[in-house]
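Some notes on the structure that comes next.
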Amino acid sequence: MRKSSSLFSNISGVIAIILMGFPVYWMITTSFKPKEDILSINPTLIPRSFSLSNYTQAVTKEGFMQALLNSLIVVVFTVVISIFVALFASIAVARMKFRGKQIYIASILIVQMLPLSALLIPLYLLLSKLQLTDKLGGVVLTYIAFVLPFVIWTLRGFLINIPVELEEAGLVDGCTRPQVYRKILFPLMAPGLVATSVFAFIQAWNEFLLAYILLSSQDKATMPIWLAGFTNRFGTDWGPLMAASTLTALPVVIFFSLIQNKIATGVTAGAVKG
Amino acid sequence: MKKISLALRTRRKKNPWPYLLVSPSLFALGIILCYPIYKLIRLSFEKYGLSEIIAGKGTFVGLQNFADTFTDPEFWKILERTIFFTGGMVLVSVVVGAWLAHLMLNMSPILRNILNGVLILVWAMPQLVSISVWRWMFSFNFSIVTAVINSLGFEMDNHNYFVNTFSGFLIIGGCVAWGALPFITISIYAALTQVPKELLEAAEIDGANSRQVFRTIIFPILLPVYIIIISLSVIWDFQVFSHIWIFLDSRPSSEYYTIAIYAFQKSFGLSEYGMGAAISLIMILTLITITGYYLRQMMKMGSE
């Protein structure tokens, strides 16, 4: 498949790298520029001087610690609960036959297609009836439901790649069903579990719209809501906002680069047949 | 051995395990997704405003909400705008993504790795972060884009890009497409590398040129991947909300309404939740019609 690299491809590649990378570059360099360099009619592509003042301003801005804490709480509960629930479901879907399995799979795929913004109204009314609006618990509940279909589907993908024969061999050698799961299946699934938990982590960390609708008081704000709060009637403080954006993106970038190739193949797994 | 494997694979009668295992997920999906869908459908046939919220009960009005929506000329304008906006973003992002993926095959390994790294970096950007950066690049004061345009000899100090809805949508769409490109490019590239080499070699020996190879081998094999990617892009781009909302300081003027913003304004802005529900339902039905194919494709994969 691979021919020797062509000049045209390489030139296009360089252009693509510059165009795609520029916003990220501009975010990071802006975040290290002192205020007078940011508010200049002739911005320089390469920063002239280096300053951490935007970061101190962002971190000391009202609500930073609270938002960080809220986001962590939401993320941890969403990940732990959804992975547990999805693990059970994916075992049933990948390993067992049962009546209604087709319908179950179909409904999982359908709900994945549902546009979130179309469900805002009934979700808001439902959670306000349950008195869960403006509570982190309400947000966690909705996040779990929204990541579940994808997590189940991806775990199922990892599971069907583990040969059933291994479990059968375990049973032959006298393991009980739970022992087979604990000693054979779960260790083999570990990479898949890590990848999907990181996926759930990223979703919950990044989500804005539901949190925006469901959480109204300032001490309940998550990181994206806190970021949106940099713009007020008097305009936007760009330097600290870029510093805060860099800080918000950092954990996601780290985790994401770890799992990226696993998820990319998970979404389209089985679509290509040799 | 045979007996046990039989037991593992086909014990389908009176086995409570599968039902026990899926029940927690059914419970969560039921509360947070199925009930709201039911509620959305019911709301769309009801008048549900502030007084109904307090009473906790809507008044049945039949098809009134749908009739009002369909006779509202504003709605048709918004629907048309949403379809154009979605179509433009999907077209640009899928075409550019596919093109980049094909180019990546012929790039020098160093460039390919750098591009891959940049794509992953962009892919990982949280939505609010990428919106913030793009707003800064196109801001009213001191924006880098204005500075670049000025340096090319055009005079446009303090240009507000959002006064003109065309340039406004162009920037918002650019931000959405920028965020979507990594997923599209990397997925197509991953699929391309899975095309069996033997087929390509055989075609080469038989004297096929690169266009014929693409048309008769690569395209048919990649078709399912393209279908999934296009369908997902349609679903994501059709419901873009946060981008428009944040770019326009949480109060977009009516020329910036797309169907998602319109439904939001009707319900949370004007407290006409019944109307908002009807519009949301129309949105879901439109999407299901457009992407029905995706679902069938996924079902085929699931039943294997």
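The values are calculated or read from the model by the stated rules, or taken from the named source; none is laboratory data. Remember, predicted model here, so these are calculated numbers, not experimental data. A quick note on method: Cβ atoms are made from the backbone with ideal geometry, for glycine too, and the neighbour counts reach across all protein chains shown.
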Selected residue (only one of A:117, A:51, A:128 is at pLDDT below 95, small (Gly, Ala, Ser) and surrounded by 19 or more Cβ atoms within 10 Å (Cβ to Cβ)): A:117
Test for residue B:152: is it modelled with pLDDT under 95 and either surrounded by 15 or more Cβ atoms within 10 Å (Cβ to Cβ) or closer than 24 Å to residue B:258 by Cβ (or both): no
Number of the condition not met by residue B:32 [criteria: (1) free of Cβ contacts under 8 Å to residues at least 60 places away in the same chain; (2) under 27 Å from the mean Cα position of the chain (by Cα); (3) loosely packed, with under 13 Cβ neighbours inside 10 Å]: (3)
Residue in the range A:201-210 that is more than 13 Å from the chain's Cα centre (by Cα), surrounded by fewer than 22 Cβ atoms within 10 Å (Cβ to Cβ) and farther than 18 Å from residue B:126 by Cα present: no
Number of the exception - residue A:175 against (1) crowded, with 18+ Cβ neighbours inside 10 Å; (2) without any contact (Cβ under 8 Å) to a residue 24 or more places away in the chain; (3) out of contact with any Ser or Thr (no Cβ under 6 Å at 6 or more places or on another chain); (4) among the hydrophobic types (A, V, I, L, M, F, W, C): (1)
Single condition residue B:261 does not satisfy, out of (1) part of a helix (DSSP H, G or I); (2) more than 10 Å from chain A (Cβ to nearest Cβ): (2)
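Yes/no matrix, rows are residues, columns are (1) at the interface with chain B (Cβ under 10 Å from one of its Cβ atoms); (2) among the hydrophobic types (A, V, I, L, M, F, W, C); (3) out of contact with any His (no Cβ under 6 Å at 6 or more places or on another chain):
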| position | (1), (2), (3) |
| --- | --- |
| A:96 | yes, yes, yes |
| A:110 | yes, yes, yes |
| A:139 | no, yes, yes |
| A:150 | no, yes, yes |
| A:156 | yes, no, yes |
| A:163 | no, no, yes |
| A:190 | no, yes, yes |
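Is it the case that some residue within the range B:62-69 is without any contact (Cβ under 8 Å) to a residue 12 or more places away in the chain, among the aromatic types (Phe, Trp, Tyr) and either away from chain A (no Cβ under 11 Å) or farther than 21 Å from residue B:166 by Cβ (or both)?
First, pick out the residues of the range B:62-69 that are without any contact (Cβ under 8 Å) to a residue 12 or more places away in the chain: B:67.
Filter once more, keeping what is among the aromatic types (Phe, Trp, Tyr): none.
Checking the range B:62-69: not a single residue is without any contact (Cβ under 8 Å) to a residue 12 or more places away in the chain, among the aromatic types (Phe, Trp, Tyr) and either away from chain A (no Cβ under 11 Å) or farther than 21 Å from residue B:166 by Cβ (or both).
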Hits in the range B:108-145 - residues which are surrounded by 20 or more Cβ atoms within 10 Å (Cβ to Cβ) and of a type in the set (Phe, Trp, Tyr): B:123, B:134, B:136, B:138
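Every residue, every condition in (1) within 9 Å of chain A (Cβ to nearest Cβ); (2) without any contact (Cβ under 8 Å) to a residue 40 or more places away in the chain; (3) touching a Gly at 6+ places or on another chain (Cβ under 9 Å); (4) on the phi < 0 side of the Ramachandran plot, yes or no:
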position: B:135; (1), (2), (3), (4): yes, no, no, yes
position: B:141; (1), (2), (3), (4): yes, yes, yes, yes
position: B:144; (1), (2), (3), (4): yes, yes, no, yes
position: B:163; (1), (2), (3), (4): no, yes, no, yes
Any hit, the range A:119-132, residues being facing chain B (nearest Cβ under 7 Å) and of a type in the set (Gly, Ala, Ser): no
Residue list for the range B:165-190, restricted to those being away from chain A (no Cβ under 12 Å), among the aliphatic types (A, V, I, L, M) and buried (at least 21 other Cβ atoms within 10 Å of the Cβ): B:172, B:176
Residue within the range B:32-41 that is modelled with pLDDT of 85 or more, aliphatic (A, V, I, L, M), part of a helix (DSSP H, G or I) and out of contact with any Pro (no Cβ under 6 Å at 6 or more places or on another chain) present: yes
Answer from A:20, A:27 - the residue that is modelled with pLDDT of 95 or more, more than 15 Å from residue A:242 (Cα to Cα), facing chain B (nearest Cβ under 7 Å) and assigned to a helix (DSSP H, G or I): A:20
Index of the failed condition, residue A:43 passing every other in (1) within 14 Å of chain B (Cβ to nearest Cβ); (2) part of a helix (DSSP H, G or I); (3) touching a Lys or Arg at 6+ places or on another chain (Cβ under 9 Å); (4) not β-branched (Val, Ile, Thr): (2)
Residue within the range B:224-244 that is more than 10 Å from every other protein chain (Cβ to nearest Cβ) and under 19 Å from residue B:70 (Cβ atoms) present: no
Scope the range B:51-76; condition in a helix (DSSP H, G or I) and touching a helix residue (DSSP H, G or I) at 6+ places or on another chain (Cβ under 9 Å); matching residues: B:52, B:53, B:64, B:65, B:66, B:68, B:69, B:70, B:74, B:75, B:76
Selection within the range B:234-279 - of a type in the set (D, E, K, R) and either in contact with a helix residue (DSSP H, G or I) (Cβ under 7 Å, 6 or more places away or on another chain) or crowded, with 20+ Cβ neighbours inside 10 Å (or both): B:237, B:255, B:266, B:272
Matching residues, the range A:247-260, being over 21 Å from residue A:193 (Cβ atoms) and within 8 Å of chain B (Cβ to nearest Cβ): A:248, A:249, A:253
Failed condition for residue A:72, given (1) in contact with a Gly (Cβ under 6 Å, 6 or more places away or on another chain); (2) assigned by TED's automatic domain parsing to the domain that holds residue A:192; (3) aliphatic (A, V, I, L, M): (1)
